[in-house]
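Scroll down for the structure; my scribbles are underneath it.
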Amino acid sequence: MKRSRLGSLDVTSIGLGSAPLGGLFSPVSDADAEATIARAWSAGIRFYDTAPLYGFGLAERRLGGFLRQQKRDSYAISTKVGRLLRAPDGGAAEDEHYKGTPRERPVFDFSHDGVMRSVEESLARLGLDYVDVLLVHDPDDHYDDAVTGAFRALQRLRSEGTVKAIGAGMNQSEMLVRFAEAVPVDCFLLAGRYTLLDQGALDALFPLCQAKNIGILLGGIYNSGILANPHAGAKFNYQDADASLVARALELEELCRRHGTELKAAALQFCMVHPAVTVAVMGARNAAEVSDNIAMSEQAVPPAFWHELRARNLVDARAPLPGGA
């Protein structure tokens, strides 16, 4: 598998995202979770992304259960800070997004001390001595706390050699631009904002990251599912997609069909060709989905498809396309 540099880290160009392994939208059994991670490993994937949020600790425990059996310097793992998992008073209602989870629920805490506790608790769930990448997770309403608290802790951990790379993971690009200008970061995880349906990252984030040598871990490449299976009721950005987005996705799917390829292949390869993108972080809830993700990265997408995509202005004119189309 193709490899890339993420600061001092040598990483595979495709990574496994673990939100589905935490029961995103529907429960995942322990057996399916283990088979998913094992399939990713056997396929050569050596970058793994997780977070306390994903299944409220479930994804970290499942990922760590497999990875701590492997040679520690043979892979890289990222997790996130900004949420502490705490048992609520009384019963825990079922979460809107994560199913089949423990009863703990996330509580925002972007303070220096909260981040240090978060790291300690994540390492305990993972069963690892360290993680390679630490990301401030979804600080949308907490910019000041993230800069003065969370990032101060992350810079300390990086200077001590406890982690190799720091950054933030968000579903928006605008605040990542602010962080890039305010904090010496190594990478960002950007979810859903550079896809066949949304190229907002081209406005400021990607040019700035290229200028500052900040790596991009790209998630949400299928925009929560709509670019994998467009239909009425499909998810976009974790919510039901509106009719106009469904119509655009169906138009893209029809274009793929006429050129003898699949929408998922076009969606993934479109993202991976941008020079700012270091790792395509692909979620999966079973071994078959891992195999499919890898197959989509390798499937032939005819040059004529990319030329027609460009000619019909279906993507931003600034977006590079495979083969220079």
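The values are calculated or read from the model by the stated rules, or taken from the named source; none is laboratory data. This is a predicted model, so every value here is computed, not measured. Ideal geometry is used to build each Cβ from the backbone, glycine not excepted, and the neighbour counts take in all protein chains shown. In case anyone asks, the SASA skips ligands and DNA or RNA and just uses the protein heavy atoms, side chains included. Shrake-Rupley method; radii C 1.70, N 1.55, O 1.52, S 1.80 Å.
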Residues that are touching a helix residue (DSSP H, G or I) at 6+ places or on another chain (Cβ under 6 Å), free of Cβ contacts under 8 Å to residues at least 40 places away in the same chain, part of a helix (DSSP H, G or I) and open to solvent by less than 10 Å² (accessible area, probe 1.4 Å), drawn from segment 144-202: G149, L176, A180
Given the structure, is L134 in contact (Cβ under 8 Å) with a residue 60 or more places away in the chain, surrounded by 20 or more Cβ atoms within 10 Å (Cβ to Cβ) and within 20 Å of V11 (Cβ to Cβ)? no
Scan of segment 42-57 for residues that are under 18 Å from I14 (Cβ atoms), open to solvent by 10 Å² or more (accessible area, probe 1.4 Å) and not in a helix (DSSP H, G or I), ordered by number: A43, G44, R46
Out of S118, S78, which single residue is assigned to a helix (DSSP H, G or I), buried (at least 19 other Cβ atoms within 10 Å of the Cβ) and polar (S, T, N, Q)? S118
Return only the number of the condition from (1) touching a Pro at 6+ places or on another chain (Cβ under 8 Å); (2) polar (S, T, N, Q); (3) under 19 Å from G17 (Cβ atoms) that T261 does not satisfy. (3)
For residues that are within 22 Å of the chain's Cα centre (by Cα) and over 17 Å from K164 (Cβ atoms), scanning just segment 62-75, find the one that is surrounded by the most Cβ atoms within 10 Å (Cβ to Cβ). L63
Looking at (1) open to solvent by 50 Å² or more (accessible area, probe 1.4 Å); (2) part of a loop (DSSP other than H, G, I, E, B), which is the one condition that is false for D95? (1)
What's the total number of residues in segment 19-34 that are part of a loop (DSSP other than H, G, I, E, B) and either more than 25 Å from F236 (Cβ to Cβ) or not β-branched (V, I, T) (or both)? 6
List every residue pair whose Cβ atoms lie under 9 Å apart, where the two residues are 6 or more positions apart in sequence or sit on different chains, the first residue falls within segment 28-41 and is open to solvent by 40 Å² or more (accessible area, probe 1.4 Å), and the second residue, located anywhere, is of a type in the set (S, T, N, Q) and modelled with pLDDT of 95 or more. D32/N286; A35/N286; R39/N286; R39/S291; W41/Q70
Segment 6-18 residues that are within 20 Å of E34 (Cβ to Cβ), paired with ones that are of a type in the set (D, E) and not in a loop (DSSP other than H, G, I, E, B) (beta carbon under 7 Å, 6 or more apart): G15/D49; G17/D49; S18/D49
